[in-house]
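Report on the following structure.
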Amino acid sequence: MALVNKTNAKPATLAAQALGWVDEQTRAIAPPLHLSSTFLRDEDNLYRSGRNYARGDNPAFDQPEAVLAALENGADALVFASGMAAATSVFQALAPGDHVVAPKVMYWSLRNWIAGFANTWGIGVDFADMSDLDAVGRAMRPDRTKLVWIETPGNPMWNITDIAAVTEIAHTAGARLAADSTVATPVLSRPIEYGADLVMHSATKYLNGHSDIVAGALITRAEDEFWGRIKNNRVQIGGILGSFESWLLLRGMRTLFPRVKTACAAAQKLAEAMVQHPHVREVLYPGLPDFPGHDIAARQMGGGFGGMLSIRVRAGEAAAIATAAKVQIWKRATSLGGVESLIEHRASIEGPDTPCPPDLLRLSVGIEDVDDLISDLSAALDAAHE
Ligand SMILES: *Cc1c(COP(=O)(O)O)cnc(C)c1O
């Protein structure tokens with residue numbers, strides 16, 4: 001499989017053409033779908049194709065992984081069965097006795113898993129406010145902290161973490177830095193360029209973009225020993241992506257740039273409209289100039305502040321839930337990063353221990369006409385308060 005980047009093209013070009021790859025046999029522009037679970041052994045008992053069994057050697061992974069490594073400016077990439085499979089594989093590459101620092105507010109299912117896994121696996125974990133660099137420094141345990149996990153912008157308050165500054169704290173203590181960059185996407189931010197060692201994506205979200213697969217990805221800055229452990233774990237634990245899902249992910253990534261740019265512009269306009277709405281107490285969006293972390297976001301995100309925002313409904317939880325019930329165009333559903341806009345009362349899904357305020361509605365802005373999105377949400381807010 002020939003991967004072509006002879007032109008040193010820009011990331012949007014690499015994504016649109018999936019690195020310009022063309023099938024040598026058929027001259028097909030869209031790649032064939034490889035479904036084989038096993039590969040022919042040579043007569044002298046060798047496997048010169050380099051492939052023997054699809055848990056380890058699926059050709060369907062080659063192209064999406066090469067695109068991901070190129071877009072994130074990494075040395076290598078791996079696709080996984082889900083974002084959670086990708087994220088947990090990083091923690092599973094740690095050894096009992098190691099210590100981890102993770103954000104206080106982050107993707108809720110992963111936070112829950114870390115807290116439980118840390119106990120049973122013998123890993124120490126501290127949850128820190130990643131926007132407070134002194135607090136991050138205090139959470140580090142010299143010689144024990146092996147991993148600092150960040151998520152920026154972070155679910156569901158969109159807190160911004162200074163990737164370069166936290167990476168420096170991690171590296172000074174001898175720890176790796178891994179960034180969940182699901183919401184930022186490589187269109188807006190490339191954590192490896194700020195020193196991050198690993199980048200994680202729920203590819204279910206923007207990378208695929210069409211709400212029709214569950215997938216995850218990791219990209220590494222260097223093909224070091226830790227990466228080797230993660231790679232082995234994928235083969236051995238078997239959390240691999242299916243061939244058809246890999247094909248769909250590659251297809252979805254071709255439109256990543258225009259989708260993300262459209263969503264960013266719409267989210268900015270929606271956020272500015274919601275600031276004016278009488279029933280909205282607060283708008284959480286990194287693109288608003290008075291949002292804490294706005295200046296850092298402006299520095300480390302290029303071309304927009306993302307397609308995710310949250311609003312806090314002035315009258316409280318019942319009014320927030322009623323607002324989500326009244327929308328006509330927005331879809332009431334969890335997840336994010338698809339072409340259709342989603343609204344979610346986030347505290348309901350995170351459960352009783354959530355740090356998410358009960359009056360918060362999480363909004364994933366799609367690529368519809370933004371004026372439709374603004375009028376639908378405004379009307380739902382008004383109708384919920386009648
Ligand atoms: C969805 C999501 C995950 C988990 O990914 P799955 O594909 O659902 O397993 C992790 N982090 C963030 C920020 C997410 O939005």
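Given the criteria under 22 Å from Ala28 (Cβ atoms) and away from the ligand (no atom under 14 Å from the Cβ), does Met274 qualify?
no
Looking at Trp149, is it open to solvent by less than 10 Å² (accessible area, probe 1.4 Å) and under 13 Å from Ile296 (Cβ atoms)?
no
Condition first: within 14 Å of the ligand (Cβ to nearest atom) and surrounded by 18 or more Cβ atoms within 10 Å (Cβ to Cβ). Now tell me which residues in segment 103-129 satisfy that.
Pro103, Val105, Met106, Tyr107, Trp108, Leu110, Arg111, Ile114
Condition check: closer than 30 Å to Val125 by Cβ, open to solvent by less than 20 Å² (accessible area, probe 1.4 Å) and either under 19 Å from the mean Cα position of the chain (by Cα) or without any contact (Cβ under 8 Å) to a residue 24 or more places away in the chain (or both). Does Val79 satisfy that?
yes
So, in segment 320-345, how many residues would count as being more than 25 Å from Ser109 (Cα to Cα) and surrounded by fewer than 17 Cβ atoms within 10 Å (Cβ to Cβ)?
Summing the residues that are more than 25 Å from Ser109 (Cα to Cα) and surrounded by fewer than 17 Cβ atoms within 10 Å (Cβ to Cβ) in segment 320-345 gives 1.
Based on what the data block shows, is Gly174 on the phi > 0 side of the Ramachandran plot and surrounded by fewer than 24 Cβ atoms within 10 Å (Cβ to Cβ)?
When the stated conditions are applied, Gly174 passes them.
For segment 175-209, give me each residue that is more than 12 Å from the ligand (Cβ to nearest atom) and basic (Lys, Arg).
The answer is Arg176, Arg190.
Looking at segment 225-241, can you tell me whether even one residue there is in the same structural domain as Pro59 (by TED's automatic domain parsing), closer than 26 Å to Leu288 by Cβ and open to solvent by 20 Å² or more (accessible area, probe 1.4 Å)?
No: segment 225-241 contains no residue that is in the same structural domain as Pro59 (by TED's automatic domain parsing), closer than 26 Å to Leu288 by Cβ and open to solvent by 20 Å² or more (accessible area, probe 1.4 Å).
I'd like the residue in segment 210-224 that is small (Gly, Ala, Ser) and open to solvent by less than 30 Å² (accessible area, probe 1.4 Å) and, out of all such residues, is farthest from the ligand (Cβ to nearest atom).
Ala217
The values are calculated or read from the model by the stated rules, or taken from the named source; none is laboratory data. Predicted model only: the values in this text are computed from it and were never measured. For neighbour counting, all protein chains shown are included, and Cβ atoms are generated from backbone atoms with ideal geometry for every residue, glycine included. Just so you know, the surface numbers come from the protein's heavy atoms only, side chains and all, with ligands and any DNA or RNA stripped out. Shrake-Rupley method; radii C 1.70, N 1.55, O 1.52, S 1.80 Å.
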